[in-house]
Amino acid sequence: MFIKGVKIPLYVVATILFGIKTYIVYRFLFHLEIENAMQEFILVINPFVSAFIIFAISVWIRKPSRQMKYLRYMTLIGTLIIFANLVFYRSFSDFITVPQLFQGGNAGDLGESILSLIKLYDILLFVDVIVIWYLSKAKQDKVTTKYPRSGKVCTLALSLALIVGNFFLAEMERPQLFTRAFDREYLVKYVGLFNYHIYDLALHSKVKTQHVFADGSELPSIKEYVETDIEQSGKSELFGIAEDRNVIFISAESLQSFVINNTVNGQEITPFLNGLTEDGDTYYFENFYHQTEQGKTSDSEFLVENSLYPLSRGAVFFTHGQNEYHALPELLGNEGYYSAVFHANNKSFYNRDQMYPNLGFDYFYDEDAYEVTSTNSIGWGLKDKSFFEQSMKYLQTLEEPFYTKFITLTNHFPFELDEQDQSIDRYDSNSNTLNNFFPTVRYMDESIEQFFTQLKDAGLYENSIIIIMGDHYGISSNHNKAMSQYLDKEEITPYDHVQLQRVPLFVHIPGHGEGEVKSTIAGQIDMKPTILSLLGIEVEDDIYFGNDLFNEDRKEYIILRNGDFITKDYIYTHDTCYNFETGAPVEESQTDACSQLTEKVETELGYSDDIIYGDLFRFVDFKEAN
Ligand code: GP9
Ligand code: MN
């Protein structure tokens, strides 16, 4: 093995062995989804990049014995980290997070079953540890321990270049990988387990610091604000209209209001939903805005369940999944409701597996609850029609009354759809995204119609209310040119852009008969108080920023997460006040109406952020609902 006179740099051997091992674990023991050649490439290189960075540091250690010790222990520690994650993964299909290590939670549940999660062949993980151990101890004379200064600087430069290269490829393949903070699996896949742990640790320390320094002293002013500026007087006429009924909430992926009662190539896009807008049992809100940011679907969920704003950066589900909340599922749970989420995606996506129990959800039917095959899936996974169909068997077993949330998936960027599922033609513009959007929206419309029938057949329809809400925009401003063509406008102005942030909201109450189209200025922040009111539940001293949509006494504005806002008269965006009806910029002399609100908007977003950053609800003794 050794060539006479030639010394081997042990850190290179360690890098190669450790890199190969890590790759094998990623590829064959973790089930990371590889979608294309680029992802495969990143997966191959990142284990070696991480290993090189860890082991190349050894060249800076002068004393040979210490250098050898460093390599030995780093191989061992690195292997133990992989091993611990592997065992954890076998049970939870997820990676260890710092809070899990320290707060028990999932990790604690491993308990006795831990032995059953360890396999005999895991011993092979330690082969390189033994090799390095042996070489560094018994063959020290055969390995290099002295490096010239230029060699040391070179390894350092190479380490930096490798890590930058790896991050660059990762960011190219998955833009905003770090800022959006949305999935551990993605992080591991793109930058490796060790960088993921460093990232997780940094995130955790940041959150912890803010947590430690918060003492709840902001609470009195927040409470006062909620009492005077948010709380509504009296109750709406619909208070208690759905008492004891089940709530079936459909989070409609990327559904925007501009498709409702609209056509493409002369064909109706959403015939079923259009029907609902005229249906006596349905209230349709035409001026309902999404208020999400980088956390997209999860932000919309956060708004709905908490009536708090999501954060301006990152997904709050991910960054503050350990906070205390006073969320809708928990409140409904106090009233005897059983709550569950149905969503055929990987459960760790958006940290849902940790966030849902924390919000008070009783159960999460994630991807594993569904039979996903190559024929019934496309794009992001299970097709919506199969999703609803397969969900029925679970829904029928739930104890009533229940609060359930169904999150659809097919109408997700890049809006792929099999030929046989397309009922309407694609649009024709320079944007494939917009062109593809229409047939997938129609597919979702059909799947929701089918779900209504299934609910009726199962006898669950009459005693439920069904809420359908778009989660966020599907067509970003990158497609403004195509969008202006479709909407037959010269251009998409900042005003138009805000109006395109409208997503449909349908509140369907079987047997009600008084439904209508509502033009109330409304947003996702309003869902929690609205649902509580429909169910006839009063929660005293709650802290939230939305209003019951059916109560006339409402705050007059809806805030988007970027600070833009909408009132019945104005839309404020890009430092300009626009007339709500016409979209014309308002004369400077008349902009008081907008400028008066800007400060308030900042205060309100600031209070919501304070609650999240400081985890302030841990200082509040919420009373039980009555
Ligand atoms: C992921 C699904 C889509 O589970 O909810 O998330 P999005 O990309 O729309 O935020
Ligand atoms: Mn979404």
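Take the Cα pairs of the stretch 8-210, get the Kirkwood Rh, then feed it into Stokes-Einstein at 4 °C and 1.567 mPa s and tell me D in µm²/s.
72 µm²/s
So what J values fall out for the stretch 278-294 if you push phi through Karplus, 6.51 cos²θ - 1.76 cosθ + 1.60 with θ = phi - 60°, rounded to Hz, Gly and Pro as x?
Result, ordered by residue: 10, 8, x, 8, 10, 9, 10, 9, 8, 10, 10, 10, 7, 10, 8, 10, 5 Hz.
Dipole size in debye (nearest 20) for the stretch 531-584 around its Cα centre, Lys and Arg Cβ +1, Asp and Glu Cβ -1?
Here the stretch 531-584 has a charge dipole of around 300 debye.
Based only on other Cβ atoms within 10 Å, what is the fewest-to-most ordering of TYR186, TYR309?
Neighbour counts put them in this order, fewest first: TYR186, TYR309.
If I require 18 Å or longer along the helix axis, counting alpha carbons, and a Kyte-Doolittle average no lower than 1.6, what helices from the chain are left? Use full DSSP H segments.
On the way: long enough: 10-24 (21 Å, 1.72); 37-56 (28 Å, 1.79); 64-92 (42 Å, 0.47); 149-173 (36 Å, 1.01); 184-213 (34 Å, -0.10); 432-457 (38 Å, -0.63); 592-613 (32 Å, -0.42).
Helix filter hits for the chain: 10-24, 37-56.
For the stretch 436-497, I need the span (max minus min coordinate) of the C-alpha atoms along each principal axis, in Å, sorted largest to smallest.
Here the spans come out as 49, 22, 17 Å, largest first.
Compute the orientation-averaged projected area for the stretch 384-515 from the convex hull of its Cα atoms and round it to one decimal in nm².
Mean shadow area of the hull around the Cα atoms is 9.7 nm².
Can you report the principal axis dimensions of the stretch 514-626 using only the alpha carbons, biggest first, rounded to whole angstrom?
Each principal axis gives a Cα extent; for the stretch 514-626 these are 49, 43, 17 Å.
Could you list which residues have their amide H under 5 Å from that of TYR289, counting only those 5 or more apart in sequence or on another chain, with H placed in the peptide plane?
VAL503, ALA522, GLY523, GLN524
So what is Rg over Rh here for the stretch 432-587, counting just Cα atoms and using Kirkwood for Rh? Intermediate results must be reported in sequence, preceding the final value.
On the way: Rg = 18.3 Å, Rh = 18.2 Å.
Ratio of gyration radius to Kirkwood radius: 1.01.
Taking H placed 1.01 Å from N in the peptide plane, check which residues at least 5 places from VAL264 or on another chain put their amide H under 5 Å from its amide H.
Those lying under 5 Å, H to H, from VAL264 are ILE269.
Based on the Cα atoms of the chain, what semi-axes does the equivalent ellipsoid have, where each is the square root of 5 times one gyration tensor eigenvalue, given in whole Å with the largest first?
Values: eigenvalues 473, 140, 136 Å².
They are 49, 26, 26 Å, listed from largest to smallest.
Of LYS21/LYS296; LYS146/LYS208; LYS296/LYS518; LYS296/LYS568, which ones are farther than 31 Å apart at the Cα?
Details: LYS21/LYS296 36 Å; LYS146/LYS208 42 Å; LYS296/LYS518 25 Å; LYS296/LYS568 25 Å.
From the list (LYS21/LYS296; LYS146/LYS208; LYS296/LYS518; LYS296/LYS568), the Cα-Cα distance tops 31 Å for LYS21/LYS296; LYS146/LYS208.
If you plug each phi of the stretch 466-477 into the Karplus form 6.51 cos²θ - 1.76 cosθ + 1.60 with θ = phi - 60°, what whole-Hz ³J(HN,Hα) values come out, in order, with x for Gly and Pro?
10, 10, 10, 9, x, 7, 5, 5, x, 10, 7, 5
Using a cut-off of 21 Å between alpha-carbon atoms, which lysines can reach LYS139, once sequence neighbours fewer than 8 places away in the same chain are excluded?
List returned: LYS4, LYS7, LYS63, LYS69.
List the residues whose amide H sits under 5 Å from the amide H of TYR403, counting only those 5 or more places along or on another chain, with H placed 1.01 Å from N in the peptide plane.
The list, which skips near neighbours in sequence, is VAL247, TYR338, SER339, ALA340.
What's the exposure ranking of PHE622, PHE52, PHE30, going from fewest to most Cβ atoms within 10 Å? Don't skip to the end; give the middle numbers.
Working: PHE622 15, PHE52 22, PHE30 18.
Least crowded to most crowded, the residues run PHE622, PHE30, PHE52.
222 nm [θ] for the chain, helices only, -39500 (n - 2.57) per DSSP H run of 4+, per residue, to 500? Before the final figure, lay out the partial values.
On the way: 21 runs with 272 residues, N = 626.
Mean residue ellipticity, 222 nm, calculated: -14000 deg cm²/dmol.
Bear in mind these aren't lab numbers, they're just calculated from the coordinates by the rules spelled out. Values in this document were obtained by computation on a predicted structure and should not be read as measured data. Virtual Cβ from ideal backbone geometry, glycine too; neighbours counted across all protein chains shown.
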